[in-house]
Amino acid sequence: MTAILFIIGLVVLVICRHDWKKCLYLLIIVFPFLGYIQLNILHLTQVAPIIQDITIILPMYLLFIAEKIGEKNKKHYLPDRVKNILIFFVLYIFIFAINPFFEVNFLVRMIGAKVWLFYLLFILIGFEFVESELDLKKFCSVFAIVAIIPCLIGILLYLGSYFIDYKLTMTTFFGGNYSLAGMSTQGFANFDWGGGVFLFRNPSTFSFATQFNQYATFSLIPAIAALGFSKTAKEKFFYFMIIIVIILGTFSSGQRGNLLYLSLFFIFLILIQTRFYISLALVIPIFIILSLTNLESLHPILQTVFRNVSDLTVYYGGGYVFEELSYIVTHHFLGNGVGSYTFEARYALGSAQEMSASGFVPQVGRVIHEGYYHKVLLELGVSGLLMILVFFMIILSEIILSIRKLQNRETALFCSLVLAFFLLMLVGGTKATAIFRYPANFIFFLFFGMAIKLRFLKLDHEK
């Protein structure tokens, strides 16, 4: 099976040899479904978790790099500070990967370095991909339309789990394979929030529910942008319905924080798109009305959901986060080396004993919080966290600069959506690393590169 995957990658390389952009469209079309394939071939090959890298991304990288090497006298606009921080970031990870004083073994180091660095090239790919407003519009349309399928499947799986039976529905979806169904749903994890509200871990066509959740949430960016690009009432209605399907798909994934995260996303978007005092004029009356409303008697289901979300937020945002941060800074000030807290390493390591022997931190000593900033501290130490924060500040400033310079409402909306989601990523990083892992990481880097490029284009309305 491993040989077959590399052969597929070779075929993709040959077919797209004259245009690497075809690889990107191919990736956007098929990657939502590769997780399901991955689970079904896990017993056939150890490289199943990186099926997308072997079959599409590596061929695209090779074609992209070959084209850039072959170009002559072409001016590149990627801002110097972005190039500089990327170079510094790569060198920093490389140093922590080869440091002989860390106990992490070679294989874990390589996996850790791959997770940190492999998808960074998508910043350049996104930057070079967009050459006109039409390119962005077509890309957003394709992305949004493809998102319909996994979201609809997720919704149907949720309905089957709710009205028929959770285990039966998921096992049937995986062709009767109870083991695969349990693996993809975290052991058929489900939550009863009371008031008739039930959540089920639901991966749809992905490997895990978290990946589906991140994909569905990210799909709001191209879907809303496509709505903004729409010129006719029929187009607007079509993409509006896609947005509704995506939102329902996001909730169907069974992630408990969805209500909070989606609310924050739209709040950030409103604040970015409107003047701050206008946003306050809208938000404050809503809070006043809610405070005067007896939600328990009028809307018991909503009251239950809001109560659980607020309880979880206090739990994760309070001692559970900051207590662990304090512990890590005290006990892991210099870090433990690249890969030491990279969950992807578990695919290559086997038992808990093997992971412990390899220097894989979560399996030894005190249980550490799963947040992204905690991972940075554990692997790269305090200096690494400062470097990451500088990187994030540059990302923020670059997107804001694009929003300010763009006069076109539709392209500015796309950049605002990317910024709103990045702010959400910064918040979500306190809870988990998932929002900075596949597929969220490569999608964000791609969108970030596009957002930078837009301010250097002569857009349609300016021609």
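What follows draws every value from the coordinates through simple rules; no lab data is involved. These numbers come from a predicted model, not from an experiment. Cβ sites come from the backbone with ideal geometry, for glycine too, and all protein chains shown count toward neighbours.
Using the Cα gyration tensor of segment 100-253, with a ≥ b ≥ c the square roots of its eigenvalues, what is the shape: rounded (a/c below 1.5), prolate (a/b larger than b/c) or oblate (neither)? Oblate is the answer for segment 100-253, as a/c is 1.5 or above yet b/c matches or exceeds a/b.
Coupling constants for segment 23-30 follow from the phi torsions by the Karplus curve (6.51 cos²θ - 1.76 cosθ + 1.60, θ = phi - 60°), and in residue order they are 4, 5, 4, 4, 4, 5, 6, 9 Hz; glycine and proline get x. A simple spin-label model places the labels of F266 and Y178 4.1 nm from each other, with each point 7 Å out along Cα-to-Cβ. For segment 9-132, rounded, prolate or oblate, judged on the Cα gyration tensor with a ≥ b ≥ c (square roots of eigenvalues), a/c < 1.5 rounded, else prolate if a/b > b/c? Judged from the Cα gyration tensor, segment 9-132 comes out oblate (a/c at least 1.5, b/c at or above a/b). Listed here are the pairs K236/K405; K21/K138; K21/K453; K138/K234; K138/K453; which of them are more than 20 Å apart at the Cα? Pairs exceeding 20 Å: K236/K405. Once you sort the root eigenvalues of the Cα gyration tensor of segment 1-75 as a ≥ b ≥ c, which label holds: rounded (a/c under 1.5), prolate (a/b larger than b/c) or oblate (the other case)? Note, shape of segment 1-75 comes out prolate.
Please tell me the relative contact order of segment 1-75 in percent, rounded to the nearest whole number, where contacts are Cα pairs under 8 Å and at least six residues apart. This gives 46 percent for segment 1-75.
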